[in-house]
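Below is one structure, written out as structure tokens, with a few remarks after it.
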Amino acid sequence: MKNIQISPSILSADFSQLGEEIKRLEDGGADLIHVDVMDGHFVPNITIGPPVIKTLRNYTKLPFDVHLMISPVHKYIKNFAEAGSDIITIHPEATDNLIESIQLIKQLKKKVGVSLNPNTEINIIEKILKDIDLVLIMSVHPGFGGQKFMPEVIEKIKKLFQIKKDNKLNFDIEVDGGINFSNSKEVISAGANILVSGTTIFHENNGDIKKNIETLRSM
Ligand code: DX5
Ligand code: ZN
């Protein structure tokens, strides 16, 4: 049985009680907490920054899977590391030097992820796959929760999984955006081992987080 991890996105949580929501996710069996950071420049939305992550750090021991949808990203990496991020994922388009940004995240002793937007091809990161811990494949255009899954990314997941196997690499494949009970099985079969979900986890089955996490994982 494949070890599938669930990383609920707090973008869909009640922002007036994020600490309690994170505790609900942990009690509901989440493996990671997906923190969507948006700056209104790289994406047309604004969410939270390092001070909020710092306070949320006290509410759980679960790893913070921090998705930086900000540009320029390099100069903020240290702030997010010190605030308590465990995985720091950046977009290649958001840095002038992807290798330097990857090295900085590793120097700060954090896991490093690189995110591919739906229109960004794998080949732009193929050379650095050996240097990273995670590839975050976007199955929506980043910026908002509740969007529709883009089925065309299934081929991209399959291709990335094949590259991972052919080169005996062990980065995680995380998929983010529009994941629900009808597409998660296909996403997992294509090669993903971490699923991000906000809307499905917080709103399906009258908001039964435990049931929704278990259902996604069991697909
Ligand atoms: C979108 C975010 C996703 C999104 C997932 O930019 O990166 O993490 O919040 O939320 P749902 O599951 O609602 O698509
Ligand atoms: Zn995200």
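Quick notes
- Contact order normalised by residue count of the chain, Cα under 8 Å, 6+ apart, percent: 21
- Furthest towards positive pole of dipole, ASN180, MET138, ILE125, structure part region 5-218, Cβ charges: ILE125
- GNM remark for the chain: springs join alpha carbons under 10 Å apart, and the peak mean-square fluctuation among SER115, SER182, SER101 falls on SER182.
- Most simply put, the chain has about 5% antiparallel DSSP beta bridges, counting only bridges with both residues inside it.
- The GNM of the chain, with springs linking C-alpha atoms under 10 angstrom apart, assigns the highest mean-square fluctuation among ASP166, ASP27, ASP39 to ASP166.
- Within the accessible area of the chain (1.4 Å probe), percent carbon and sulfur: 50
- Top of LEU169, LEU136, LEU160 by mean-square fluctuation, Gaussian network on the chain, Cα under 10 Å: LEU169
- Å² per residue, accessible surface of the chain at 1.4 Å: 46
- With loop membership from DSSP and a limit of 16 other Cβ atoms within 10 Å, the longest segment of the chain without GluC sites (Glu not before Pro) is 1-120.
- Considering helices alone, the calculated mean residue ellipticity of the chain at 222 nm is -8500 deg cm²/dmol, with DSSP H runs of length four and up weighted by -39500 (n - 2.57) and normalised per residue.
- Overall form of region 5-218 per C-alpha gyration tensor (a/c, 1.5; a/b vs b/c): oblate
The values are calculated or read from the model by the stated rules, or taken from the named source; none is laboratory data. Small disclaimer: the values here were computed from a predicted structure and weren't measured. Note that each Cβ is placed from the backbone with ideal geometry, even for glycine, and that neighbours are counted across all protein chains shown. Ligands, DNA and RNA are excluded from the accessible area calculation, which covers all protein heavy atoms including side chains. Shrake-Rupley method; radii C 1.70, N 1.55, O 1.52, S 1.80 Å.
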